[in-house]
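Please read the structure below before turning to the comments.
The values are calculated or read from the model by the stated rules, or taken from the named source; none is laboratory data. The shown structure was predicted, so the numbers you read here are calculated from the model rather than taken from an experiment. No Cβ is skipped: glycine too gets one built from the backbone with ideal geometry, and neighbour counts run over all protein chains shown. SASA here: full protein model, heavy atoms, side chains in, ligands and nucleic acids out. Shrake-Rupley method; radii C 1.70, N 1.55, O 1.52, S 1.80 Å.
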Amino acid sequence: MQRLTQKIIVMGLGYIGLPTASMLATKGHTVLGVDINEEAVATINSGRIHIIEPDLDILVRSAVNSGNLKASTVPEEGDTFIIAVPTPFKAVDGNPKAPDLSYVESATRTIAPFLREGNLIILESTSPVGTTELIHRLVLESRPELEGKIHAAHCPERVLPGHILRELVDNDRIIGGTSKAAIAKAKELYKTFCNGAILETDSRTAELSKLVENSFRDVNIAFANELSLICDELGVNVWETIALANRHPRVNILQPGPGVGGHCIAVDPWFIVSSAPAQSRLIRTAREVNDAKPHWVVEKVRAKAARFREPVIGCLGLTFKANIDDMRESPSFDIVKDLLGQDIGTVMACDPNVQPHKVDFPLHSLKDVLKRADILVVLVDHDEFKEIDLETIKDKVVIDTKGVLR
Ligand code: SAJ
């Protein structure tokens, strides 16, 4: 029988590791969060946070104040080790989108000397099929005496940025073990804070399920983005078309936009394509459709700008989705940078959620942009943009990638 509270080492204190570590600490576990970023470690130890996520500051403060959460740059011995580090992609042998497992491998090598008999390693990072078995093997390479004595499981994170704390507790959780004992141990741990169902499987199925979730969304967004091009070509309103089609009881089309951003949906499908390239034609094409959308928007702006002698182009939004300040892999940001680099007019960028020092070009107020722009390009559906009085912009050319100004 496992102890009710454990000592848990969480490798990586980002958007997944920090909320998970804090949640476990508030449930009575003793948690050591480990990160290579010394500044982040110091910030967390002072009860503050280095990333933006609603209510995370309150959770971290209470976890640190309880004495159960500490951060460090080096691990210690413990009962369970959770790996929650990034898995980006990199170019390998002609494949520009191969998974980059260097962070996962490095975290594994870092914990290996601290492992002891009975320990469980949980991989939460989104990973290609076979990674959990790989880290298990990696540990045994340096600690062969632990053969048959340690456990490994994949428990993929599935939380939506902006709603992480709620989804961490409420979402169903997949537990993919490399053995029955690994599944039982991981299940016991997640039950201490997860209200959702805990679904048991093997590690390879768990890895693929996570990749499939984000690929499903990517393929469906690609369908919406392709529809937006078709509707533009045919002179039909895409928003109305989708709204009408969605009234069918078995149709649920997602929304088009300037492209797909963030560090998950635009990345994870490539892990499937890299593992099974011949079989994943649809997934690859969806990625290509979504990746091509920002260029299409830029070309649209260029065509409209050609009608003006000295066009002023107002760009509304820089983040990768609405009502957040995160610009990672943001198609909106890329579109603005692209337009700024071209000689097609004066570009005025505006994003009420982005602080001016976060970008290397001037930001303008919404009021100024609405006053001066000949062409308005809506790139993000922030709440502020939904309140624009349509009467005040009726003489402007509008390119609305999010269907906000309808
Ligand atoms: N988007 C559209 N049209 C839509 C919906 C989204 O263009 O109808 C765009 C958004 O604007 C954004 C991108 O897609 O640029 C991704 O946004 P998102 O809100 O769909 O997802 P993420 O990247 O914030 O979080 C996803 C979630 N996965 C799924 O919903 C299947 C989350 O649950 C995962 O935990 C997360 O990826 C992750 O970490 O993998």
- Note on the structure: Descending packing, highest mean Cβ count within 10 Å first, for 80-89, 45-54 is 80-89, 45-54
- Query: Of L318, L227, which has the most accessible area and how do the rest follow, probe 1.4 Å?
  - Reply: L227, L318
- Query: For region 281-406, what Kirkwood radius comes out of the mean inverse Cα-Cα distance, in Å?
  - Reply: 14.8
- Go through D55, D368 and list them by solvent-accessible area, largest first, probe radius 1.4 Å. D55, D368
- The simple spin-label model distance between K149 and V92, using points 7 Å out along Cα→Cβ, in nm, is 3.1
- Message: Using all alpha carbons of the chain, what is the percent of pairwise distances in each 10 Å bin, ordered from the shortest bin to the longest?
- Response: 5, 20, 27, 23, 16, 7, 2, 0
- Query: Where Rh is the Kirkwood radius over the Cα pairs of region 296-358, the temperature 4 °C and the viscosity 1.567 mPa s, what D in µm²/s does Stokes-Einstein return?
  - Reply: 106
- Give a residue-ordered list of calculated ³J(HN,Hα) values for region 23-35 (Karplus: 6.51 cos²θ - 1.76 cosθ + 1.60, θ = phi - 60°; whole Hz; x for Gly, Pro). 4, 4, 5, 6, 8, x, 6, 8, 10, 10, x, 10, 8
- For region 67-117, Rg(Cα) over 2.2 N^0.38 Å is 1.49
- Note on the structure: If R0 = 25 Å, then L199 and D55, at their Cβ-Cβ distance, give a FRET efficiency to the nearest 0.05 of 0.40
- Query: Using the beta-carbon distance between H357 and F114 and R0 = 35 Å, what value does 1/(1 + (r/R0)^6) give for FRET efficiency, to the nearest 0.05?
  - Reply: 0.35
- Item | Equivalent ellipsoid semi-axes, region 90-181, via Cα gyration tensor eigenvalues times 5, rooted, Å | 24, 21, 11
- Query: Where does region 21-87 land on Rg(C-alpha)/(2.2 N^0.38 Å)?
  - Reply: 1.04
- With the 1.4 Å probe rolled over protein heavy atoms, region 83-221 has an accessible area per residue in Å² of 43
- Restricting the count to DSSP beta bridges whose residues both fall in the chain, what percent are antiparallel, rounded to a multiple of 5? 10
- Note down the nm distance, to one decimal, between modelled labels 7 Å out along Cα→Cβ at R48 and at E387. 2.9
- Separation of the A306 and D325 label points, Cα + 7 Å toward Cβ, nm: 4.0
- Task: Please report the base-10 log of the normalised intensity I(q)/I(0) for region 17-143, using a Debye sum with one equal scatterer per alpha carbon and no solvent, at each q in 0.21 (1/Å).
- Result: -1.23
- Query: Taking only DSSP H segments of four or more residues, each worth -39500 (n - 2.57), what value at 222 nm results for the chain once the sum is divided by all its residues, to the nearest 500 deg cm²/dmol?
  - Reply: -12500 deg cm²/dmol
- Quick shape check on region 183-252: root eigenvalues a ≥ b ≥ c of the Cα gyration tensor, a/c under 1.5 is rounded, otherwise prolate if a/b tops b/c, else oblate, and it reads prolate
- Could you please state how large a percent of the accessible area of region 1-133 is carbon and sulfur, counting protein chains only and using a 1.4 Å probe? 53
- Query: If you find the alpha carbon centre of region 359-391 and of region 153-194, how far apart are they in angstrom?
  - Reply: 41
- Please work out the average accessible area per residue across region 5-69, using the 1.4 Å probe convention, and give it in Å². 39
- Item | Calculated FRET efficiency for the pair R137/A276, C-beta based, R₀ 30 Å, to 0.05 | 0.90
- Please calculate how many Å² of accessible area region 273-349 carries per residue, with a 1.4 Å probe and no DNA, RNA or ligand atoms counted. 50
